[in-house]
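Every read-out reported here was derived from the displayed coordinates using simple, explicitly stated rules and does not represent laboratory data. All values reported here derive from a predicted model rather than from experimental measurement. Because the Cβ atoms are built from the backbone with ideal geometry, glycine has one as well, and the counts that use them run over all protein chains shown.
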Amino acid sequence: MNAFDEGPVGIRPMVRADVDALAGWERHSDPRYRMYDVGPLGAGEGDSLWRALSEPAGVREPFVAEIGGRVVAQLVLRDIRKDDRSAELGIMVDPALIGRGLGRRILRAFAGYRAENGYRRLTLEVAADNERAIRAYQAAGFVTRGERRGPAYPGATTGRILRMETDLAAPPFTDSHSCQPPSTSSP
């Protein structure tokens, strides 16, 4: 066990400097997930990625998860619907840390953080053959609400994509202890 396995998960809004942390992550070994590889990035590329994650304001909101002061995941809310206090979630976990059970911990902390800030529901889509991600989503309280057919990965012609959601008004997300503050101050 190390700090990543046991340390508290901190959630905070993402800042431009966090893009550089993402660029330092390892690369995915599975070709299906290489679309999530970030770096290395030049200054202009980093700025472009930051804009893609954070704009337009009010429609997209980026966040990071930290453990021991290290950025271990990037999360983004898309299609924010203030009227029903819901949004679609996207998540990327540092490939070096995948397979340690961090995904479910990060998702639960993030869902608790959003519940504490008035959100009622998060939705997401996941390729039906991404069993590891589906297990993490289920462990974090997401349930399958439907599916559609379409390209599940870049270059794929078709596949099954599951639509999942979680009710943030239900326990454990209504428990104020579900999220720890970041361990260090943000830049």
* Structure fact -> dims of region 4-96, Cα set, principal axes, largest to smallest, nearest Å -> 39, 35, 27
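Show me the trypsin sites (Lys or Arg not before Pro) within region 90-136 that DSSP assigns to loop and that have at most 11 other Cβ atoms within 10 Å of their Cβ.
Details: sites: Arg100, Arg104, Arg105, Arg108, Arg114, Arg120, Arg121, Arg132, Arg135; in loops: Arg100, Arg120.
Taking region 90-136 and a limit of 11 other Cβ atoms within 10 Å, no loop trypsin sites (Lys or Arg not before Pro) are found.
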* Please give the contour-minus-distance gain from Tyr153 to Arg85: 0.36 nm per residue of separation, less the Cα-Cα distance, rounded to one decimal in nm. => 21.6 nm
* Determine, for Ile11, Ile67, the number of other Cβ atoms within 10 Å of each Cβ, and report the residues in order from fewest to most. => Ile11, Ile67
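Can you pull out the trypsin sites (Lys or Arg not before Pro) in region 1-69 whose DSSP state is coil and whose Cβ has at most 16 other Cβ atoms within 10 Å?
Details: sites: Arg16, Arg27, Arg32, Arg34, Arg51, Arg60; in loops: Arg16, Arg27.
Taking region 1-69 and a limit of 16 other Cβ atoms within 10 Å, the loop trypsin sites (Lys or Arg not before Pro) found are Arg16, Arg27.
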* To do: Please identify, among Gly68, Gly90, Gly99, the residue showing maximal mean-square fluctuation in a Gaussian network model of the chain using a 10 angstrom Cα cutoff.
  => Gly99
* Between the DSSP loop rule and a limit of at most 11 other Cβ atoms within 10 Å, which chymotrypsin sites (Phe, Trp or Tyr not before Pro) in region 117-149 are left? -> none
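Under unit Cβ charges (Lys, Arg +1; Asp, Glu -1), what dipole magnitude, rounded to 20 debye, does the chain have relative to its Cα centre? Intermediate results must be reported in sequence, preceding the final value.
Details: 26 positive and 25 negative charges, 93 e Å.
Approximately 440 debye in magnitude.
If we count other beta carbons within 10 Å of each Cβ, what is the order of Thr123, Thr144, Thr158, Thr166, fewest first? Let's see the in-between values first.
On the way: Thr123 17, Thr144 14, Thr158 9, Thr166 25.
Fewest to most other Cβ atoms nearby, the residues stand as Thr158, Thr144, Thr123, Thr166.
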* Structure fact -> Projected onto the charge dipole of the chain (unit charges on the beta-carbon of Lys, Arg, Asp and Glu, signs +1, +1, -1, -1), the Cα from Ala111, Pro8, Ser29 with the largest positive-side position is that of Ala111
* Run the quick spin-label model on Arg27 and Asn117: label points 7 Å from Cα toward the beta carbon, then report their separation in nm to one decimal. => 3.3
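According to the Cα gyration tensor, what semi-axes, each the square root of 5 times an eigenvalue, does the equivalent ellipsoid of region 93-174 have, listed from largest to smallest in whole Å? Walk me through the numbers on the way to the answer.
Values: eigenvalues 113, 52, 18 Å².
In descending order, the three semi-axes are 24, 16, 10 Å.
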